[in-house]
Amino acid sequence: MTGVHTSADELCGVQAKEPGAYQACIAQLYRKPVAQWPAPQIDADVAWQEMAPLPARAPSPSDNPFTEAKAVLGERLFNDPKLSRSGQIACASCHEPDEAFADGRRVSFGHDRQTGRRNAPSVVMSGFTRHLFWDGRSPSLEAQAVVPIADHVEMAFTTDELLTRLNNDAEYPKLFEQTFALKGPIVAEQIAQALATYQRTLVKATRNTAFEQLLLGRPQRMSDQQLYGLHLFRTQARCMNCHFGPTLSDDQFHNLGLTYYGRKYEDLGRYEVTANPQDVGAFRTPSLRLLSKTAPWMHNGLFVNMEGTIAFYNQGMPRPEPVGPQKNDPLFPRTSDRLKPLGLDLEQRRALIEFLDSL
């Protein structure tokens, strides 16, 4: 649908020269139910979904059905530093509730104050993705849950040692027995299931945002400028080519031109999982829910303010070209064709940022 005039242009274009009138007209269109919103402008090959409210919790797989007891146990484990070798680092150390379950740092500190190489993303929306971690190396929350425990930079423990610690604990054996209705020692699968179940409840943190209330038919908290920014998000700014549906993510992998190939901060991204040269520098599209609370952004945490971030997108993001020996390098990364110069003026960029704040 790229290049097609939307009904918003047709209905409000006549007021484009009147100060504030165009934004106000656009805003009125987006105060209507979502089904009546103007159509977005999306590239023809994108299998997009319309924006929609989120469910009360993320869906659970059939082999780990939701129970309140499992979520409660998972919350306790998530916040317990006993899951780390030092007894000082919990999952919540890098995914803090007050930071929208991120941590506000470029990269996190782990065992013995070691620093990771990637930004700790918010896990509020982790229950909605099929690809966990920036490079998608874990196919489920259950698979992901125990990886940081064994990572030598993060929690630096082993599954066997953790099981020994928990089985010898004064309280955990009884809690696991009550939660899973099974006698016998705690096993790793139960730890993973409890942690995953708790993370699927974190979506509740989005319920009171202005944007979620808009989707629920309560637009009162959205200003004209924010709703104009929503229109830009869906049209000229091209955001909705990758950020759509209830989660505001296509759950795919894209190269944004930030691979730093051959330089400091180099990260080959999805390629480290697939060994496919087309995946060099590609990272999973994050959800934009709670975006303004999760800075710094990108897989490396190098984008620290929204004005600068939008400026990069407005320019079409970096497009490095191979020089010298790199001309014959089959791994030289290519920035995604989804990214194009946007031509947003200062007023439009401000409106877009105001909308992103509503998320």
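The values are calculated or read from the model by the stated rules, or taken from the named source; none is laboratory data. Because the structure is a prediction, the values reported are computed rather than measured. For neighbour counting, all protein chains shown are included, and Cβ atoms are generated from backbone atoms with ideal geometry for every residue, glycine included.
Quick notes on this structure:
- Residue within region 102-116 that is touching a residue at least 24 places away in the same chain (Cβ under 8 Å) and under 17 Å from residue 77 (Cβ atoms) present: no
- For region 221-255, the tally of residues that are in a loop (DSSP other than H, G, I, E, B) and in contact with a Ser or Thr (Cβ under 8 Å, 6 or more places away or on another chain) stands at 10.
- Residues in region 288-307 that are aliphatic (A, V, I, L, M) and farther than 18 Å from residue 257 by Cβ: 288, 290, 291, 295, 306.
- Some residue of region 288-299 being among the charged types (D, E, K, R), farther than 30 Å from residue 230 by Cα, assigned by TED's automatic domain parsing to the domain that holds residue 42 and at pLDDT 95 or above: no
- Test for residue 352: is it within 25 Å of residue 138 (Cα to Cα) and either aliphatic (A, V, I, L, M) or not assigned by TED's automatic domain parsing to the domain that holds residue 238 (or both): no
- Counting only helices (runs of 4 or more DSSP H) that sit completely within region 117-207, those holding 3 or more residues that are of a type outside the set (D, E, K, R) and touching a residue at least 60 places away in the same chain (Cβ under 8 Å) correspond to 172-180, 188-199.
- Residue, nearest to residue 42 (Cα to Cα), within region 314-346, restricted to residues that are polar (S, T, N, Q) and touching a strand residue (DSSP E or B) at 6+ places or on another chain (Cβ under 7 Å): 336
- Scanning region 308-349 for residues being within 22 Å of the chain's Cα centre (by Cα) and farther than 12 Å from residue 261 by Cβ gives a total of 15.
- Among residues of region 307-328 that are closer than 30 Å to residue 288 by Cβ, those with a Cβ under 8 angstrom from a residue that is surrounded by fewer than 12 Cβ atoms within 10 Å (Cβ to Cβ), sequence gap 6+ or separate chain, pair up as 314/341; 314/343; 315/341; 316/341.
- Only residues that are assigned to a helix (DSSP H, G or I) and farther than 25 Å from residue 127 by Cα were counted in region 208-220, giving 2.
- Any chance residue 87 is surrounded by 23 or more Cβ atoms within 10 Å (Cβ to Cβ), of a type in the set (Gly, Ala, Ser) and either in a helix (DSSP H, G or I) or outside the structural domain of residue 263 (by TED's automatic domain parsing) (or both): no
- Members of region 289-338 that are of a type in the set (D, E, K, R), closer than 30 Å to residue 211 by Cα and in contact with a Ser or Thr (Cβ under 6 Å, 6 or more places away or on another chain): 289
- Close pairs from region 284-306: first without any contact (Cβ under 8 Å) to a residue 24 or more places away in the chain and aromatic (Phe, Trp, Tyr), partner in a loop (DSSP other than H, G, I, E, B) and surrounded by fewer than 19 Cβ atoms within 10 Å (Cβ to Cβ), Cβ under 6 Å, at least 6 apart: 303/296
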